[in-house]
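Novice: One structure follows; several queries about it will come next.
The values are calculated or read from the model by the stated rules, or taken from the named source; none is laboratory data. Quick caveat, the model's predicted, so the values are computed rather than measured. Because the Cβ atoms are built from the backbone with ideal geometry, glycine has one as well, and the counts that use them run over all protein chains shown. Side chains included, ligands, DNA and RNA excluded: accessible areas come from the protein's heavy atoms. Shrake-Rupley method; radii C 1.70, N 1.55, O 1.52, S 1.80 Å.
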Amino acid sequence: MSFSSSARSDPCCLEAAASAEAPLCDRSLWGLDPQAIFLNHGSFGATPKKVLQAQSVWQERLEAQPVQFMGEELPRALRAAAAELAQFVGAEPENLVFVENATGGINTVLRSLSFRPGDQIACTNHGYGAVRQALRYVCERWGAVLAEAQIPFPIAGPEQVLAAFAAILTPQTRLAVVDHLTSPTALIYPLAELVGLCRQRGIPVLVDGAHAPGVLPLELESLGADWYTGNAHKWLFAPKGCAFLWAAPHRQAQTHPLAISHGYGQGFTAEFDWVGTRDPSAWLAISAALAFIRELGVERLRQHNHTLLLQARQLLLEKLEGIPPAPEKMLGFMATLPLPPFWQQWIPELPLAERARRLHDYLWQMHRIEVPIIPFAGQLWVRISAQVYNHLAEYEQLALALQRLPK
Ligand SMILES: Cc1ncc(COP(=O)(O)O)c(C=O)c1O
């Protein structure tokens, strides 16, 4: 096993293995279409069959005696599941609750807070679209102002994130919403430093960690953030609808679920553990998801995925004659790469987002490759994901498909 030089000096960087030409794991452990090349684990994850089986065992237990299950078994089972997940993300169990997804986690916090006209909420231009919409809604509702740090892309290093973010913070800033790992550009932000910047100024921080669990080692209790939401259904292999919200103890009294229910006023976990009748099986299956990832070996998986990502990125940059838009140390299991000039000029009469959609559909329909095409900063980019079932030849297929325009 060898380590990338950039990884050694920075504890936030992932380590690379010597090679990742073969998949780490047999793809038949997932239900993925065997005819397709799936290079987009990032959007919605992909859940192993074994984890889905564990989820359906929970559903069967529920349906065998719904009243007993919901009333007696679920409260204990849910807290046990939360404790297991908390341990994985470096959190105290009583500070972590389940939510359905990161969108819900972000909305929970934003809609628990109140603002005054003229207050500022700080975010960055690499934020996820739905989160930016939620921020717009909250700003419109309270008369607050959204201040968006313009982080460059291509980017030279994390210091550019810090400089751009520091530049927009003012005495009116009441909340900072920052990503851990960005969606359109797949960048690892220097989160500890961003949190530090905000804390120095007394600004509460909400972290959008949708992509981080499973990719990056997390120590939520010592991070210093006020809230952190993350998905387990992306890179932790949990079923869809399994995500969490962590809140610092001093923020819990002001943080309420989107649906107020029986637990109102009875404490953070009581409020979130019952938000009305729902299927809790995705949350309860977290134990099976964590067992799956542990069986593979968390470090082994990280090294495989990061190495494969770097090899795939290099291959695509060479074949498409592109320049790396970000340093390796800012990457995890995804990378966003520029498309060649001929794709940028393809059907120029159409809006960029429409051209992105058409290229995505072309790759899927003609080449059976699933990969997101991202319109960002006035250009088209392709975002690749690397997961244990992927191997290098799949990215070669993508490079081949992207080397020429459709006939
Ligand atoms: C940075 C970021 N935040 C939030 C989300 C939303 O995740 P979900 O759809 O699970 O709510 C995503 C989804 O890709 C994301 O990339």
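Novice: Over 16 Å apart: what share of the alpha carbon pairs of the stretch 241-288 falls there, rounded to a whole percent? Write out the running numbers ahead of the final one.
Specialist: Values: 487 of 1128 pairs.
When every Cα pair of the stretch 241-288 is considered, 43 percent fall beyond 16 Å.
Novice: Label Met366 and Arg300 with points 7 Å out from Cα along Cα→Cβ: what is the distance between them in nm?
Specialist: Modelled inter-label distance: 4.0 nm.
Novice: Hey, another quick one. In the stretch 51-292, what percent of the accessible surface is made up of carbon and sulfur (1.4 Å probe, ligands and nucleic acids excluded)? Intermediate results must be reported in sequence, preceding the final value.
Specialist: Numbers: 4980 of 9420 Å².
Reported share for carbon and sulfur atoms: 53 percent.
Novice: Provide Rg and Dmax in Å for the chain, with only Cα atoms included in the calculation.
Specialist: Taking only Cα atoms of the chain, I get Rg and Dmax of 21.3, 64 Å.
Novice: Sticking with this structure for a sec: What's the Cα-based Rg to Rh of the stretch 66-128, Rh via Kirkwood? Please report the intermediate quantities before stating the final value.
Specialist: On the way: Rg = 16.6 Å, Rh = 14.7 Å.
Across the stretch 66-128, the Cα-based Rg/Rh ratio is 1.13.
Novice: Additional query: Compute and list, largest first, the equivalent-ellipsoid semi-axes of the stretch 246-328 from the alpha carbon gyration tensor, each √(5λ) rounded to a whole angstrom. All intermediate terms of the calculation are to be shown ahead of the outcome.
Specialist: Numbers: eigenvalues 352, 71, 32 Å².
They are 42, 19, 13 Å, listed largest first.
Novice: So what are the stretch 309-383's ellipsoid semi-axes, whole angstrom, largest first, if each one is the square root of 5 times an eigenvalue of the alpha-carbon gyration tensor?
Specialist: 21, 14, 11
Novice: Under a 1.4 Å probe, what is the accessible area of the stretch 286-394 per residue, stated in Å²? Can you show the working numbers first?
Specialist: Values: 4210 Å² over 109 residues.
With the other protein chains kept in place, the stretch 286-394 gives 39 Å² per residue.
Novice: In 10 Å bins starting at zero, report the fraction of Cα pairs in the stretch 70-175 per bin as a rounded %.
Specialist: 13, 31, 29, 20, 6, 1
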